[in-house]
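Derivation of every value follows stated rules applied to the coordinates shown; laboratory data play no part. Given the structure is predicted, the values throughout are model-derived calculations rather than measurements. All Cβ positions, even for glycine, are placed from backbone atoms using ideal geometry, and neighbour counts span all protein chains on display.
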Amino acid sequence: MHFTVAIDGPAAAGKGTISKAVAAHFGFAHLDTGLLYRAVGARVLAGENAVDAARNLRRDDLYRADLRTAAVAQAASKAAVLPRVRVALVDFQRVFARRKGGAVLDGRDIGTVICPEAEVKLYVTASDEVRAERRYLELREKDPSATRDAVLADLRARDARDSERATAPLRPAQDAVLLDTSKMDIAAATAAAIAAVAARLPGQLPRDRTII
């Protein structure tokens, strides 16, 4: 069975956690496509050209211990606006999406560019303030110098860069299910996502675009 779930959304909205839970629930493979760009960003910080880093990316690069740092996130966001970087990573994502047994991919352009024909598309979002607080709580143990104001400013700058780029800007697909997690805990958000996917599995009647 080929069945693709495309999950998009801005940073710290919860799409990564939700994607992993959805994949585990249905037994689908999971790919955090942001790690591809973070791996490129890490190689850029090490002195490599962004396009060369994307073309030469290795599977081992996805398991680097430093991929979740703020510096790598910023480098990844800057690399992601480069069309040649995105082209270099598209084929890998598309092949993964159509693997047998089902696949869940999360990122920023999965439903709009990478997998526009995905059987299910979700757009996970939350308010700037909620997302910034989540990201601050993640970072403070690793970086005691992090402040809420700085995290919010970095998040908004990244949002602007992602949504205003000429190639594959961040935006919900027209037929995506919108999931606002601002007032949801992870259990409720995951349950809503699983319900949206279950409703569109083979044998179920398709439903219209839904706002949850």
When each pair of different Cα atoms in the chain is counted once in the 1/r mean, what is the Kirkwood radius in angstroms, to one decimal?
17.4
Any chance you could check the Cα centroid distance between segment 140-201 and segment 3-80 for me, in angstrom?
14
Let me have the relative contact order for the chain, percent, based on Cα pairs under 8 Å that are six or more residues apart.
31
Of PRO169, ALA11, ALA150, which is farthest on the positive side of the dipole of the chain, counting Cα position, with +1 on Lys and Arg Cβ, -1 on Asp and Glu Cβ, and the Cα centre as origin?
PRO169
Quick one: putting +1 on the C-beta of Lys and Arg, -1 on the C-beta of Asp and Glu, what dipole do you get for segment 4-198 around its Cα centre, in Debye to the nearest 20?
440
Exposed-loop-free span, longest in the chain, where trypsin sites (Lys or Arg not before Pro) count as exposed if DSSP calls them loop and at most 15 other C-beta atoms lie within 10 Å:
1-57
With +1 on the Cβ of every Lys and Arg and -1 on the Cβ of every Asp and Glu, the dipole magnitude of segment 96-145 about its Cα centre, in debye rounded to the nearest 20, is 280
Taking the dipole of the chain about the Cα centre (Lys, Arg +1; Asp, Glu -1; charges at Cβ), the one of SER127, LEU57, ALA70 that reaches farthest to the positive side is LEU57
Once every DSSP H run of n ≥ 4 in the chain is given -39500 (n - 2.57) and the sum is divided by its residues, what mean residue ellipticity at 222 nm do you get, rounded to the nearest 500 deg cm²/dmol?
-14500 deg cm²/dmol
Cα-based convex hull volume of segment 70-181 per residue, rounded to whole Å³
122
May I ask you to list the lysines whose Cα is less than 28 Å away from that of LYS183, ignoring any residue fewer than eight positions away on the same chain?
LYS15, LYS20, LYS121, LYS142
Could you run the Karplus curve 6.51 cos²θ - 1.76 cosθ + 1.60 with θ = phi - 60° over segment 117-134 and give me ³J(HN,Hα) per residue in whole Hz, x for Gly and Pro?
9, 4, 5, 9, 10, 10, 10, 9, 9, 6, 5, 4, 5, 5, 5, 5, 5, 4
Just check segment 61-126 against the gyration tensor rule for me: Cα atoms, a ≥ b ≥ c as the square roots of the eigenvalues, rounded for a/c under 1.5, and otherwise prolate or oblate depending on whether a/b exceeds b/c.
prolate
If you plug each phi of segment 37-52 into the Karplus form 6.51 cos²θ - 1.76 cosθ + 1.60 with θ = phi - 60°, what whole-Hz ³J(HN,Hα) values come out, in order, with x for Gly and Pro?
6, 5, 5, 4, x, 5, 5, 5, 4, 7, x, 8, 5, 4, 5, 5
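Treat every Asp and Glu Cβ in segment 108-179 as -1 and every Lys and Arg Cβ as +1, leave all other atoms uncharged, and give the resulting dipole magnitude about the Cα centre to the nearest 20 debye.
With only Lys, Arg, Asp and Glu charged at Cβ, the dipole is about 140 debye.
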